[in-house]
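The structure under discussion appears below in the form of structure tokens.
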């Protein structure tokens, strides 16, 4: 049952089309990722869902309401990418104000504020927001998005600019919200985060949705899992006969041949061919493309197996696998050795 | 969680069997059942919440420097107000000591003045041969001497006190002809628009009493005139009488010389009151004017804070979170504005009480405060930076202060003064009565303009415009385009812009009041025409430029016709100027068009109808010209607008020349 439906939504600004005919549906309790490069139309899409931006064409329905309706605003929690707070207020005052604005009774608001800030592990709650760290401010902003106990949460870059510890905390918190039954629309440049929390994603580029579905569906659609069969055999001619694959002969100094195929049947066929030539299969590995690989393929025009170092989307040029101030994240693509012959 | 019901919570909702939330249908039913009163109550509640938050948030940001500046301003305003209202605030109380016995007639003089403290002669001690002592002035019998460093100043002050004492005695005399035995008549003469002095008009006072009223030369005999009460702004002469009728002393129970019964601003009146030469004042209410200005001073400071808080929401994108809340943009803006409006009203009430004004002063000042806030709000919504906002607020301060203050200078001199609500304040402070027509002329355009400006700014209080960095003119067009939804909105906006036109034309009249006639007429003819043409076409241009309409010739003709016709009808409302006689003023005719004088010059129903309906054709034709230009972009629109303005101005000039 879709709690959020978007049908042919388009947004134009002064002749520039920011979003072109997006359509998707999100199930209740789902964490739905919206990814894409800068300028792809992600934020505009999320703002249209939040009722901040009026679509030029198309329709959107959130929890049964048209975005912008007052009743819809009560069911929605929105965390914008930039979430400037009123720095002269304390966190509690700030949250109480928004609770008031959402008609949350005082007692409920006090309990909800306490609960949210506890879960987000925010200390120094009576400190003025202006004196808080960036991570603390982000936690206050997340607590604000939850103040009305919304059914649908729209998180635009919730962990943007945060240290790894806070980032992990925010990601885990998002997962907890999902487990509690809340629907979360999640946008992030860090695709590892998206991959780790989202059930389904859409990839946007130039205002259009270029890929959609669960992560497995997208992988299947864009190459899927590859099997790398390493063999020691005289000559590689004819190895590809009878199955779809490619042969690379310069894998290592021993002259072993790497054969890349898409399914296990092909692996078995190659093994038989190699053995028939008195060769030996030395190793078989699986290569599963990460969301980033697919993203780069559909948005950047690069192949899934191409160079892993790439721009991370925010212009830093840093590799996703590189430590980011103590970041313990690793490359999100899976590489598993299934046979070590 | 507590068991308290939570209207904000989205949990506990039951889905319908068809898989869609059942809530929507239920809410719609509920919504239709809710009374408008309940919705209004909820809306007011949200406005109050935002207002309360704005107050608590703002008070948290006021630093010591700001507090100091505000305090200094308040003290300065207070001092000026009290000093002007009360002839001093007691700083000079008992600064001089007078040695005088109680039996001495000068003892009463000293005790009547706050400046002096008396001591009996036996307590006087003079040292150093008169160089110092415990008194400043010594009075023995009728001899007055002074002692010490302050002696000279004290002596002068005592002499003034004696004069004031005598004046007060004379003013309190029942037989005023005995108190003021010489009559002096002062005659003010208007300058004609050719620069000549108009011939003096025989005063009604002369006719009525027929007595041997002395002419102005008599003032040289040592007697002094007293100023009129200034009731009649259009009066050619004001008679001032020190004595009344020499030959026929008036009864002591009645005022010897009555002020004229005509208090209408546009009427002729002669006012004769008794007084002394020291009471002579300039022919405009100087003191009341200064006091009235006090109302405007705090507005210039408050709008700075107000503009900053609006700008803050934009520059730091903080307003985005409010926009996704259940509060509408109208409620947010109202809530953010309310504390500043309430603050201004509080200040106005305090000043009114301090200077002895009445309810009229408050009622006249509130629209000014609203206009200041509205202009600042729109300015803050259109400005791209705090630097630009500073320029905008300074412009607002200068223009609006000019608009309200300059006309008020001419209170009781010309009906043009009534275009400013501040004139009502001046009149109130002078104890003059104000007609309902005068109040409407002064305040309605200001109220309407403030409302329209707020609406324009509100049009851009949305995510797409609030955080966009566009030039101010582009934002203005965007703000107008937000209100353009279809052909029907074009005539509506033409009507909405009429208050703007009215205020702009009034301002032009006021500013050019004293300019040479030829220059005045030329500027006003073209300025008034340009303002009207802009008001008729700017929304049409906004509609074309923002793709609300297909830019075709047919669409331009239809929209131009709708706009011109609607403007023609709404413009009839500007004939409200006739309530106060403004239509008798030449530059008002130039500004508001020949139809203003239709009733006076038409010598038959056909001419009358022609004068009234010809503008309909004019407005439609010129609106079509501008609309056609608007279909082809900005440059074409500007050129077409200039052409329409020229046609409009030439029409006005031609008709006026024809009928006069």
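The values are calculated or read from the model by the stated rules, or taken from the named source; none is laboratory data. Only a predicted model underlies this, so the values are computations on that prediction, with no experimental measurement involved. In this analysis, Cβ positions are derived from the backbone assuming ideal geometry, glycine residues included, and neighbour counts consider all displayed protein chains.
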Single residue of segment A:79-98 satisfying the filter (within 7 Å of chain B (Cβ to nearest Cβ) and free of Cβ contacts under 8 Å to residues at least 12 places away in the same chain) that is farthest from the chain's Cα centre (by Cα): A:97
Any hit, segment A:58-77, residues being under 12 Å from residue B:321 (Cα atoms), within 9 Å of another protein chain (Cβ to nearest Cβ), out of contact with any helix residue (DSSP H, G or I) (no Cβ under 8 Å at 6 or more places or on another chain) and surrounded by 21 or more Cβ atoms within 10 Å (Cβ to Cβ): yes
Check on residue B:440, modelled with pLDDT of 85 or more, surrounded by fewer than 19 Cβ atoms within 10 Å (Cβ to Cβ), part of a helix (DSSP H, G or I) and in the same structural domain as residue B:331 (by TED's automatic domain parsing): yes
Selected residue (criterion: nearest to the other protein chains (Cβ to nearest Cβ)) from residues of segment A:25-34 that are touching a helix residue (DSSP H, G or I) at 6+ places or on another chain (Cβ under 9 Å) and modelled with pLDDT of 90 or more: A:30
Candidates A:25, A:71, A:18, A:63 - the one that is in contact with a strand residue (DSSP E or B) (Cβ under 8 Å, 6 or more places away or on another chain) and free of Cβ contacts under 8 Å to residues at least 12 places away in the same chain: A:71
Tally, over segment B:175-184, of residues that are buried (at least 16 other Cβ atoms within 10 Å of the Cβ) and part of a helix (DSSP H, G or I): 3
In segment B:470-513, residue modelled with the lowest pLDDT [restricted to those that are part of a loop (DSSP other than H, G, I, E, B) and within 21 Å of residue B:396 (Cα to Cα)]: B:512
Filter result (touching a strand residue (DSSP E or B) at 6+ places or on another chain (Cβ under 9 Å), over 15 Å from residue B:98 (Cβ atoms) and surrounded by 13 or more Cβ atoms within 10 Å (Cβ to Cβ)) within segment B:115-174: B:130, B:132
Filter pass, residue A:9 being closer than 28 Å to residue A:143 by Cα and under 23 Å from the mean Cα position of the chain (by Cα): no
Answer from A:31, A:19 - the residue that is in the same structural domain as residue A:148 (by the TED database) and more than 30 Å from residue B:474 (Cβ to Cβ): A:31
Residue A:101 vs. criteria at pLDDT below 90, in contact with a helix residue (DSSP H, G or I) (Cβ under 8 Å, 6 or more places away or on another chain) and within 12 Å of chain B (Cβ to nearest Cβ): yes
Residue check for residue A:228: farther than 30 Å from residue A:26 by Cα, modelled with pLDDT of 80 or more and buried (at least 16 other Cβ atoms within 10 Å of the Cβ): yes
Residues (under 29 Å from the mean Cα position of the chain (by Cα) and either buried (at least 21 other Cβ atoms within 10 Å of the Cβ) or more than 19 Å from residue A:169 (Cα to Cα) (or both)) located in segment A:99-116: A:112, A:113, A:116
Complete set of residues in segment B:399-437 that are in a loop (DSSP other than H, G, I, E, B) and either more than 19 Å from residue B:291 (Cβ to Cβ) or in contact (Cβ under 8 Å) with a residue 12 or more places away in the chain (or both): B:410, B:411, B:412, B:413, B:414, B:420, B:430, B:432, B:433, B:434, B:435
